[in-house]
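Visitor: The structure's right below; bear with me while I get my questions together.
The values are calculated or read from the model by the stated rules, or taken from the named source; none is laboratory data. What you are looking at is a predicted structure, and each value in this text was computed from that prediction instead of being measured. Every residue, glycine as well, gets a Cβ built from its backbone with ideal geometry; the counts of neighbours run over all protein chains shown. Just so you know, the surface numbers come from the protein's heavy atoms only, side chains and all, with ligands and any DNA or RNA stripped out. Shrake-Rupley method; radii C 1.70, N 1.55, O 1.52, S 1.80 Å.
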Amino acid sequence: MHGYLTNKQPVETASAAGQFPWLFSRPADFWLACAGASIGLIAAILVIYWHGDREIDALDFVLSEFHLGATYDAIVRRRLWRSRRIDIMLVPLVILSLTYWFWMSSQAVLLTSITMYAAVWHRGRQSLGVGRFYQRAIGGPASRMHSILFRGAIYLPMLAATLAYTHLAPTEYDGDPYFALSAGAGMTSMVGLAAVIWVIAYLIWIGSRPRTVTYSPGTSINSVHPGEWWVVIAHAVAFGSGYLLGASNASYLLVLAVHHEVQYLSFTCAMARRPETFHPMSMAGSAAVTKDLYSNASSTAGRMMRSEAKFAASFLVWPVIGFVGAIVGGWLQLTWLAPFGVGGLFCHYWLDGRIWIRRSA
């Protein structure tokens, strides 16, 4: 997702005064894709502490398969294989081949290590991408300082959480041995402190910016979208709690995974709602187009319900296929399917980083 959100195409502005563009709406974005998810993350941690992780483990399994399916839905919906054959077809085949080679060469520790660090990077870059969606929707970074603070508020918590986990759990990741980074207690503490200070500095800078903005057609503005700093807060809470606590109890990593999956499903669902003729990063795509979609579908309650049901069914096709495939694969218990699951995860990381880079022709 992150690559697409950094494209250099100009962003249109909305003509509605004082109206920020959203994926769905302000309340929905807060709870599904931004800081509201952190409240659910903290609640889930308490559930694990008092009850256990059985339900959260099951939820993670379902959402993770839906997560992968949402990527394939975006590929099919936009017919990316026509113009992006190398990215969509050739590279995933190479990834699967290498995964099988590592597996057959008894490099399970190496595969676990790659999975761990790739997952951390993938989750961090997703937060960066969603934050940039909101950032570019109102004209891009307000200043060079804004861009630097924003990047640091994403990357430093990600690095600090990784070092904290590898320091506190240097032998196993998710129950399997892996190659841990050896930064030492001093360096780990310094990076953690730097992450806290950087996020605080970012929030202080945000607090100094104007709270309300009036848009006019064709005018770029230098302000900060609320969704951006919501994402930063959620990102810091997720990495700070998930990996720090996950070092002593792997169940906490499940909570971080659920947070990540809900955010991604929200984003991909919102992108799927936008017509092909509209640039997804434009304000009109976030506000005016969504309004038009609902106004056209709401002439009668029946038509609106049919429209929503049709969209939900089309969006869920590939997530459901992925989920059923995982269930069937588990039932069959074929040993040759095991590396395919890991390789499929690596392919997802690759595809998610490429399919959002630019709009397909």
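Visitor: Report whether or not Arg77 is in contact (Cβ under 8 Å) with a residue 24 or more places away in the chain and more than 16 Å from the chain's Cα centre (by Cα).
Guide: So Arg77 passes the test.
Visitor: Is it true that some residue in the stretch 104-112 is open to solvent by 50 Å² or more (accessible area, probe 1.4 Å) and outside any helix (DSSP H, G or I)?
Guide: Scanning the stretch 104-112, I find at least one residue that is open to solvent by 50 Å² or more (accessible area, probe 1.4 Å) and outside any helix (DSSP H, G or I), so the answer is yes.
Visitor: Looking at Arg136, Arg132, Arg123, Arg151 in this structure, which one is at pLDDT below 90 and part of a helix (DSSP H, G or I)?
Guide: Result: Arg136 is the single residue among Arg136, Arg132, Arg123, Arg151 that is at pLDDT below 90 and part of a helix (DSSP H, G or I).
Visitor: Can you tell me how many residues in the stretch 208-267 are assigned to a loop (DSSP other than H, G, I, E, B), of a type outside the set (Ser, Thr, Tyr) and modelled with pLDDT under 90?
Guide: 12
Visitor: Yes or no: the stretch 56-75 includes at least one residue that is more than 22 Å from Gly246 (Cα to Cα) and open to solvent by 50 Å² or more (accessible area, probe 1.4 Å).
Guide: Checked against the condition, which is being more than 22 Å from Gly246 (Cα to Cα) and open to solvent by 50 Å² or more (accessible area, probe 1.4 Å), the stretch 56-75 yields at least one hit.
Visitor: So, one more: Out of the residues in the stretch 27-70 that are outside any helix (DSSP H, G or I) and modelled with pLDDT of 80 or more, state the one that is farthest from the chain's Cα centre (by Cα).
Guide: Ala35
Visitor: Determine whether the stretch 152-172 contains at least one residue that is hydrophobic (A, V, I, L, M, F, W, C) and in contact with a strand residue (DSSP E or B) (Cβ under 7 Å, 6 or more places away or on another chain).
Guide: Looking through the stretch 152-172, none of the residues is hydrophobic (A, V, I, L, M, F, W, C) and in contact with a strand residue (DSSP E or B) (Cβ under 7 Å, 6 or more places away or on another chain).
Visitor: List pairs: first residue in the stretch 99-121 and closer than 26 Å to Ala160 by Cα, second residue charged (D, E, K, R) anywhere in the structure, Cβ distance under 8 angstrom, at least six positions apart or on different chains.
Guide: Ala108/Asp176; Val109/Asp176; Thr112/Asp174; Thr112/Asp176; Met116/Asp174
Visitor: What is the residue count in the stretch 167-189 for residues that are loosely packed, with under 15 Cβ neighbours inside 10 Å and either part of a helix (DSSP H, G or I) or touching a Cys at 6+ places or on another chain (Cβ under 6 Å) (or both)?
Guide: So the answer is 4.
Visitor: Same structure again: Does Thr115 meet the test of being hydroxyl-bearing (Ser, Thr, Tyr) and either open to solvent by less than 20 Å² (accessible area, probe 1.4 Å) or touching a His at 6+ places or on another chain (Cβ under 8 Å) (or both)?
Guide: Against the criterion (hydroxyl-bearing (Ser, Thr, Tyr) and either open to solvent by less than 20 Å² (accessible area, probe 1.4 Å) or touching a His at 6+ places or on another chain (Cβ under 8 Å) (or both)), Thr115 does not qualify.
Visitor: Taking into account only those residues within the stretch 348-358 that are more than 14 Å from Ser64 (Cβ to Cβ) and not aromatic (Phe, Trp, Tyr), which is surrounded by the fewest Cβ atoms within 10 Å (Cβ to Cβ)?
Guide: So, considering only residues that are more than 14 Å from Ser64 (Cβ to Cβ) and not aromatic (Phe, Trp, Tyr), the one surrounded by the fewest Cβ atoms within 10 Å (Cβ to Cβ) is Arg358.
Visitor: Would you please name the residue that is nearest to the chain's Cα centre (by Cα), looking only at residues in the stretch 142-161 that are more than 17 Å from Gln263 (Cβ to Cβ), open to solvent by 10 Å² or more (accessible area, probe 1.4 Å) and touching a residue at least 60 places away in the same chain (Cβ under 8 Å)?
Guide: Ala160
Visitor: If Ile95 passes every condition in (1) aliphatic (A, V, I, L, M); (2) in a helix (DSSP H, G or I); (3) modelled with pLDDT under 90; (4) open to solvent by less than 40 Å² (accessible area, probe 1.4 Å) but one, which one does it miss?
Guide: (3)
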